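Structure record follows, encoded as structure tokens.
Laboratory data are not the source of any read-out in this text; all were calculated from the coordinates shown. Please read these numbers as outputs of a predicted model, since none were measured by experiment. Cβ atoms come from the backbone with ideal geometry, glycine included; neighbour counts cover every protein chain shown.
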Number of protein chains: 2
Amino acid sequence: MRTAAVEDYVKIIYKLQTQTETVSTSTLAERTGTSAAAVTKMLKHLAQLNLVSYTPYHGARLSPMGETIALEVIRHHRLLELYLAQAMGYPWDEVDAEAEKLEHVISEEFEDSIARLLGFPDFDIHGDPIPTRDGQMPKTVTETLDTQAVGTWVVVRRVSDADAALLRYVGECGLKPGVEVQLLAREPFGGSLTVEIAGLERRISPQAAQNVFVEHSLSRDLSESEKKVGGILE
Amino acid sequence: MRTAAVEDYVKIIYKLQTQTETVSTSTLAERTGTSAAAVTKMLKHLAQLNLVSYTPYHGARLSPMGETIALEVIRHHRLLELYLAQAMGYPWDEVDAEAEKLEHVISEEFEDSIARLLGFPDFDIHGDPIPTRDGQMPKTVTETLDTQAVGTWVVVRRVSDADAALLRYVGECGLKPGVEVQLLAREPFGGSLTVEIAGLERRISPQAAQNVFVEHSLSRDLSESEKKVGGILE
DNA sequence: TTTATGATTTAACCCCGGTTAAATCATAAG
DNA sequence: CTTATGATTTAACCGGGGTTAAATCATAAA
């Protein structure tokens, strides 16, 4: 039976197994907010449903069927997040909680409706990729703002939605997907970063910058390097 | 604990207790699609939660607390129905099923958002009254189309949403809230009715007409009677 | 007033998703 | 190679919402 609990476990396992080869009971317990015993029981249940391959004492991984379900749930979640923000005016640090509940009850028709209304988007409000209906996950960037060299121009592509408070802070800084930023300075020994956003200088905590994923700005960065190249050649 | 099941029972009891003084186990079993035994157990549970006054073998009625919850759930349901139809283009015979699932999970903030986006409406897409946030139920009409005298002009105010197929049929006939209709003829012995809708003659089954709630048309009906009065006076 | 019948409740059971406490396993350290 | 320790599983339990079958109640009819 595909209950909300089953969908939640599968979704969480999907996200965790990108980092670790096999997902352990304890990390699952921590992420679901339940006991290790509950997780063990659920993993057996998921294995029974052929959603997971589970080796006792050695963790679990999603089966192809489990992965399909995970992607469906994530698609629901991210479409909902974008819809709540775009169409209903939710602040971007509140959409996650609401989508968390809605994702398990909306119909395929509802999903199609909001996808259509949003123009079949590839990324949600935080820049997270929205799986397509046939289970393809759009590519996204993995570089973070805090590791950039001083002087580079970047475009914000994604902001981690793990922490709502951090999300609010980063949003107030103006670091939203699509925004162009130049790293101006880096305080030594893990101090704050100075960036230029929309013509303004801004000081950003390195922890926040770690959660901002960026891509090198084609327009801005090229013109910057052209300047340098030009300078050398002259 | 206010679970989806509790909310559903309370909502159904609310609707049933407008007709019968006390709601019986068997009617609840029929409406919830469960066994009488399950209903008995749930009624005890609801009594425990102070949502219902329950006398074994003699049925139940909502307590003031139960009524409050029922109205909140119905408000959720009807706002959702209108939103699905209005903002998302759902056909009016499909909104009920989707709202049935969503009504238990949306937050108060979500409710406020759609209420605002819809302009704080008093009636849903079928003409059913939407309880206000403080628990007031807007007044609605109780006269049905099939009992009208031949010749009268009426405005459709509400259509029963009990049966989706009937709803589709009635909608195809053009009998939607706000539409003005004149009853032209009535076939004897429960035969079909002939009505004028938007300048067109239409034949309607009496069973369908029983589910269409109307109000006498102020504009049209007055001018009709004026004509007659004028004729007599001349 | 008794009795038959249908409505209702009780009893025993099921699954789901959780809990705590005890047992067991994997593994790093001695 | 043994052992200590932390991770994991097992066992027994709980509440929520359902089931079927048996017992009990309410009531209309004889």
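The residue list A:L28, B:F110, B:F189 was ranked by how far each Cα lies along the charge dipole of the protein assembly as shown toward its positive end, using unit charges on Cβ atoms, and A:L28 comes out on top. Output the 0 to 90 degree angle, nearest 10, between the alpha-carbon long axis of helix B:218-233 and the longest principal axis computed from the alpha carbons of chain B. Long axis of B:218-233 versus the principal axis of chain B: about 30 degrees.
Applied to the range A:159-171, the Karplus parametrisation 6.51 cos²θ - 1.76 cosθ + 1.60 on θ = phi - 60° returns per-residue 3J(HN,Hα) values of 10, 4, 9, 5, 10, 5, 5, 4, 4, 5, 4, 5, x Hz, with x for Gly and Pro.
Amide hydrogen proximity for B:T140: with H placed 1.01 Å from N in the peptide plane, no residue at 5 or more positions away or on another chain lies under 5 Å. Phi-derived couplings, Karplus 6.51 cos²θ - 1.76 cosθ + 1.60 at θ = phi - 60°, listed residue by residue for the range B:2-15: 8, 7, 4, 5, 4, 4, 5, 4, 4, 4, 5, 4, 4, 5 Hz, with x used for Gly and Pro. With 30 Å as the limit on Cα-Cα distance, the pairs of A:K41/A:K139; A:K139/A:K176; A:K101/B:K11 that go past it are A:K41/A:K139. Label positions at A:V179 and B:V179, each projected 7 Å from the Cα along the C-beta direction, are separated by 5.1 nm. What the pair-distance distribution of the range B:4-62 shows, using all Cα-Cα distances binned every 5 Å from zero, is 4, 22, 38, 28, 8, 0 percent.
Taking only the Cα atoms of chain B, the radius of gyration and Dmax are 20.5, 71 Å.
Taking only the C-alpha atoms of the protein assembly as shown, the Rg (one decimal) and the largest Cα-Cα distance, Dmax (whole number), read 29.5, 105 Å. With the charge dipole of chain A set up from +1 on Lys and Arg Cβ and -1 on Asp and Glu Cβ about the Cα centre, the Cα lying farthest toward the positive end among the listed residues A:G174, A:P131, A:T152 is that of A:P131. Taking amide H as placed 1.01 Å from N in the peptide plane, B:S217 has its amide H under 5 Å from the amide H of B:W153, B:V154, B:V155, each at least 5 places away in sequence or on another chain. Note on chain A: with charges restricted to the Cβ of Lys and Arg (+1) and Asp and Glu (-1), its dipole about the Cα centre is near 520 debye. The angle between the Cα long axis of helix B:108-117 and the longest principal axis of the Cα atoms of chain B comes to about 10 degrees, rounded to the nearest 10. Full extension of the chain segment joining B:A4 with B:S219 gains 72.9 nm, where the gain is 0.36 nm per residue of separation less the Cα-Cα distance. Each stretch of four or more DSSP H residues adds -39500 (n - 2.57); spread over every residue of chain A, this sum gives -14000 deg cm²/dmol at 222 nm.
For the segment A:100-106, counting C-beta atoms of other chains within 10 Å of every residue's C-beta and taking the mean gives 4. Computed over all pairs of different Cα atoms, the Kirkwood value for the hydrodynamic radius of the range B:59-192 is 16.4 Å. Legend: translational diffusion of the range B:1-101 by Stokes-Einstein, Rh = Kirkwood radius over C-alpha pairs, 10 °C, 1.306 mPa s; D = 112 µm²/s.
Averaging 1/r across all pairs of distinct Cα atoms in the range B:145-223 and inverting the result yields a Kirkwood radius of 12.3 Å. Taking every Cα-Cα distance in the range B:106-181 and sorting them into 10 Å bins starting at zero, the pair-distance distribution P(r) comes out as 16, 41, 30, 11, 2 percent. With contacts taken as Cα pairs under 8 Å and at least 6 residues apart, chain A reaches a relative contact order of 14 percent. Distance between the pseudo-spin-label points of A:K44 and A:R203 (7 Å out from Cα toward the beta carbon): 5.6 nm.
For the range B:73-137, the fraction of C-alpha pairs more than 17 angstrom apart is 29%. Rounded to 0.05, the FRET efficiency of the A:T68 and A:E196 pair, given R0 = 45 Å and the Cβ-Cβ distance, is 0.55.
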